[in-house]
Amino acid sequence: MEVIDGNRIAAELIAELKAEVTAIAGRRPCIVLVRVGDDPASVSYVRKKGQTAAEIGIESRVILPPATIQQPALAALVDGLNAEKGVDGILVQSPLPGHLDERAIFARIAPSKDVDGLNPINLGKVAQEDDSGFSACTPAGIMELLARSGVSLEGKHVVVIGRSLLVGRPAALLALQRKPGLNATVTVCHSRTADLASITRQADVLIAAIGRPEFVTAGMVKPGAVVIDVGISRVADASRKTGYRLVGDVHFASVAQVASKITPVPGGVGPMTVAMLMKNTLKAFRQGAGK
């Protein structure tokens with residue numbers, strides 16, 4: 001059994017991006033990170049994105065509207081960034097406070113600057129296999145992890161647990177694409193799937209993105225399958241100073257006994273998400289003002 005080291009693979013990708021950005025003459029790519037309010041996880045994620053951008057040489061700006069900002073004001077902020085020539089990528093950190101229409105804000109971001117891949121036009125481009133758009137960063141990171149770990153999806157059965165617009169659906173669309181290393185047969189399962197385990201046991205590659213801690217157990221996995229764990233949750237653990245530990249959607253200890261390859265949590269898919277955001281930002285720069 002091999003543990004897929006997302007930290008190592010993300011570091012490889014970041015080094016490649018740094019070399020590309022260093023070679024750029026003139027202004028560097030620029031991403032603007034919008035974080036509404038002070039959700040602790042969002043604070044951590046935005047900080048990490050800014051640090052990774054700096055490591056690569058990508059300019060990043062952080063805008064911090066108050067949690068009380070109303071929909072028209074946030075929409076106007078996005079409109080201003082859409083129009084700003086020196087901005088290549090825009091990311092509005094999720095989740096937004098409950099009084100805001102998150103989907104409407106994501107759709108407001110210009111598709112050419114939507115480096116998080118959440119605008120419906122970019123999701124449609126993924127479905128049409130149009131490489132001019134942007135794939136959502138976590139699904140794109142999963143495909144990069146698999147490719148760099150020597151896993152081809154050609155003719156394989158990929159089972160995705162979860163149908164979110166952020167991970168499950170775009171992951172399925174990417175795996176289906178008629179491209180080298182992809183071309184999978186894909187099944188998408190969700191909370192209403194009957195006899196879920198009978199389907200997951202058919203998977204050559206199982207992608208767990210259901211948001212339930214340690215939901216996938218060894219009995220749900222075909223021996224020799226590749227298991228990609230997208231989830232991250234806090235569970236109580238009195239033995240830790242923090243009082244909790246981080247786990248994924250997969251019960252790692254048991255599933256590792258039957259899988260051929262598996263991603264850990266943390267240190268698996270998570271680092272790839274940030275690296276792919278930076279890759280998308282460089283792509284936006286090359287397609288836009290930096291062309």
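Checked against (1) buried (at least 24 other Cβ atoms within 10 Å of the Cβ); (2) in a helix (DSSP H, G or I), PHE134 passes all but a single condition, namely (2). Scan region 209-229 and give yes if some residue there is closer than 26 Å to ILE121 by Cα and in contact with a Lys or Arg (Cβ under 7 Å, 6 or more places away or on another chain), otherwise no. No, region 209-229 has no match at all.
Inspect region 61-71 for any residue being of a type in the set (S, T, N, Q), out of contact with any Cys (no Cβ under 9 Å at 6 or more places or on another chain), within 19 Å of THR281 (Cα to Cα) and at pLDDT 95 or above and give the result as yes or no. The answer is no, given that none of the residues of region 61-71 is of a type in the set (S, T, N, Q), out of contact with any Cys (no Cβ under 9 Å at 6 or more places or on another chain), within 19 Å of THR281 (Cα to Cα) and at pLDDT 95 or above.
Among the residues of region 114-131, those identified as among the charged types (D, E, K, R) and crowded, with 24+ Cβ neighbours inside 10 Å are ASP114, ASP116.
Among residues that are open to solvent by less than 20 Å² (accessible area, probe 1.4 Å), touching a strand residue (DSSP E or B) at 6+ places or on another chain (Cβ under 6 Å) and either β-branched (Val, Ile, Thr) or touching a residue at least 24 places away in the same chain (Cβ under 8 Å) (or both), ILE63 is not included.
Say whether the condition of being under 18 Å from the mean Cα position of the chain (by Cα) and farther than 16 Å from VAL250 by Cα is met by at least one residue in region 179-190. Scanning region 179-190, I find at least one residue that is under 18 Å from the mean Cα position of the chain (by Cα) and farther than 16 Å from VAL250 by Cα, so the answer is yes. Does LEU166 count as assigned to a helix (DSSP H, G or I), of a type in the set (A, V, I, L, M, F, W, C), open to solvent by 40 Å² or more (accessible area, probe 1.4 Å) and in contact (Cβ under 8 Å) with a residue 24 or more places away in the chain? Spelling it out, it is not the case that LEU166 is assigned to a helix (DSSP H, G or I), of a type in the set (A, V, I, L, M, F, W, C), open to solvent by 40 Å² or more (accessible area, probe 1.4 Å) and in contact (Cβ under 8 Å) with a residue 24 or more places away in the chain.
Table: residues versus (1) under 15 Å from GLY168 (Cα atoms); (2) open to solvent by 30 Å² or more (accessible area, probe 1.4 Å).
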{"position": "ARG212", "(1), (2)": "yes, yes"}
{"position": "VAL216", "(1), (2)": "no, no"}
{"position": "VAL221", "(1), (2)": "no, no"}
{"position": "SER233", "(1), (2)": "no, no"}
{"position": "VAL247", "(1), (2)": "no, no"}
{"position": "ALA253", "(1), (2)": "no, yes"}
{"position": "GLN257", "(1), (2)": "no, yes"}
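For the condition of a type in the set (A, V, I, L, M), at pLDDT 95 or above and either closer than 30 Å to GLY50 by Cβ or touching a Cys at 6+ places or on another chain (Cβ under 8 Å) (or both), MET220 does not qualify. Within region 1-44, the only residue that satisfies the criterion of being among the small types (Gly, Ala, Ser), touching a Gly at 6+ places or on another chain (Cβ under 8 Å) and either on the phi > 0 side of the Ramachandran plot or open to solvent by 20 Å² or more (accessible area, probe 1.4 Å) (or both) is GLY26.
The values are calculated or read from the model by the stated rules, or taken from the named source; none is laboratory data. Everything numeric in this text was worked out from a predicted model, so none of it was measured. As a convention, Cβ positions derive from the backbone with ideal geometry for all residues, glycine included, and neighbour counts pool all protein chains shown. The accessibility values were calculated without ligands, DNA or RNA, using every heavy atom of the protein model including side chains. Shrake-Rupley method; radii C 1.70, N 1.55, O 1.52, S 1.80 Å.
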